[in-house]
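Visitor: Handing you a structure now.
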Amino acid sequence: MKRFEVNNVTYTAREIDFNFLCDLEDEGISLADVDKKPMSAIRAYFTMCHGGSKEVAGKEIESHLIGGGNLEELMEAFADAIQKSDFFQAISKSQEKATTKRKKTPAAEK
């Protein structure tokens, strides 16, 4: 897994599996919300990697940004974890098949 740095502390990106997605949802974020709530998604992901509360994670990110850091490494680690997640890829394929199947359904059956 990738590593990233926040406030001169190196963290290891967490793998995204079923339990991780449930934990993210417990933090109030689903992967479907990433585009709608990017900052909340980044904070939730960092919370999971950091191991603390979302309040502490948010303060760490804020301090990192105020100190001249950026979120590039953290966002890359999150994106990489999504791309490399066997579980996430399986869910995506399943959703694509369901969407395709619905589109092929004749209008009379709706």
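The values are calculated or read from the model by the stated rules, or taken from the named source; none is laboratory data. Since we're looking at a predicted model, the values are computed, not measured. Glycine also receives a Cβ, built like all others from the backbone with ideal geometry; neighbour counts cover every protein chain displayed.
Visitor: I'd like the residue in the range 72-110 that is of a type in the set (Val, Ile, Thr) and farther than 24 Å from Arg3 by Cα and, out of all such residues, is modelled with the highest pLDDT.
Guide: Taking the range 72-110 as the starting set, the residues that turn out to be of a type in the set (Val, Ile, Thr) are 82, 91, 99-100, 105.
With the extra rule that they be farther than 24 Å from Arg3 by Cα, the set shrinks to 91, 99-100, 105.
On the way: Ile91: 78, Thr99: 66, Thr100: 67, Thr105: 60.
Result: Ile91.
Visitor: Given the residues Gly58, Gly52, Gly69, Gly28, which is the only one that is in a loop (DSSP other than H, G, I, E, B), surrounded by 10 or more Cβ atoms within 10 Å (Cβ to Cβ), modelled with pLDDT of 90 or more and not hydroxyl-bearing (Ser, Thr, Tyr)? Working first, answer last.
Guide: On the way: Gly58 fails: in a loop (DSSP other than H, G, I, E, B); Gly52 fails: modelled with pLDDT of 90 or more; Gly28 fails: modelled with pLDDT of 90 or more.
Every option except Gly69 fails the conditions.
Visitor: Contact list please: Cβ distance under 9 Å, first residue in the range 42-69 and in contact (Cβ under 8 Å) with a residue 12 or more places away in the chain, second residue among the basic types (Lys, Arg) and outside any helix (DSSP H, G or I), pairs at least six apart or on different chains.
Guide: Final answer for the pair search is Ala44/Lys37; Tyr45/Arg14; Met48/Arg14; Cys49/Arg14.
Visitor: How many residues does the range 31-43 contain that are outside any loop (DSSP other than H, G, I, E, B) and within 16 Å of Glu76 (Cα to Cα)? So that I can check it myself, show each step before the final result.
Guide: We begin by selecting, within the range 31-43, every residue outside any loop (DSSP other than H, G, I, E, B); these are 31-33, 38-43.
Checking which are within 16 Å of Glu76 (Cα to Cα) leaves us with 31, 38-43.
Residues that pass the stated criteria total 7.
Visitor: Scan the range 1-25 for residues that are in a loop (DSSP other than H, G, I, E, B) and not basic (Lys, Arg) and report the count. First the steps, then the outcome.
Guide: The first filter runs over the range 1-25 and keeps only residues in a loop (DSSP other than H, G, I, E, B), leaving 1-2, 7-8, 13-17.
Pick out the ones that are also not basic (Lys, Arg) and you get 1, 7-8, 13, 15-17.
Within the range 1-25, residues that are in a loop (DSSP other than H, G, I, E, B) and not basic (Lys, Arg) number 7.
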